[in-house]
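Data first, discussion second: the structure below is written as structure tokens.
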Amino acid sequence: MNLVREKTCVICKTTFGCGNPSETIKCWCNELPPIFSLDQITDCLCPKCLKEATIKKIDAYVKTITPENSLNNKAKDLPKTNHLVEDIDYYLEEGNYVFTKWFHLKRGLCCGNGCRHCPY
């Protein structure tokens, strides 16, 4: 079992817990899409900084996807999760869920409902 360690974010210097609290409860970072490589960052990021970095990386990726090249979409091949992450998979608008282009890319196909952010 990997115990939770206290770490300091290399970006904002906030202290946070890092690790798996038990064999069945995984680290909070597993809630985010597994797309973020640390590139030049040498250690863990706090939840806020990792989410911001993940959103930036996703935004850069989805800008490269057009209906013409949507078949080359790598997001659909990521491990499937059972939960949605606000600001990544959806945002709220007047109390309604609006699914992002990233959400649709992960699904891998068009549902035919005329979604606002459909990349297909």
ALA60: over 11 Å from the mean Cα position of the chain (by Cα), small (Gly, Ala, Ser) and modelled with pLDDT of 85 or more, yes or no?
yes
Residue check: is LEU92 at pLDDT below 80, closer than 30 Å to TYR120 by Cβ and over 13 Å from the mean Cα position of the chain (by Cα)?
no
Do you know which residues across region 56-73 are part of a loop (DSSP other than H, G, I, E, B) and surrounded by 11 or more Cβ atoms within 10 Å (Cβ to Cβ)?
ILE65, ASN73
Counting only residues that are among the basic types (Lys, Arg) and assigned to a loop (DSSP other than H, G, I, E, B), which one in region 1-32 is nearest to CYS49 (Cα to Cα)?
LYS13
Subset tally (residues that are modelled with pLDDT of 90 or more and not in a strand (DSSP E or B)) for region 74-89:
5
Taking ASN113 as the residue in question, decide whether it is under 28 Å from VAL4 (Cα atoms) and at pLDDT 80 or above.
no
Given the conditions (1) surrounded by fewer than 18 Cβ atoms within 10 Å (Cβ to Cβ); (2) at pLDDT below 80; (3) not basic (Lys, Arg), and given that GLU31 satisfies all but one, which numbered condition is not satisfied?
(2)
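The values are calculated or read from the model by the stated rules, or taken from the named source; none is laboratory data. Keep in mind the model is a prediction, meaning the values are calculated, not measured. Neighbour counts run over all protein chains shown; Cβ positions are idealised from the backbone, glycine included.
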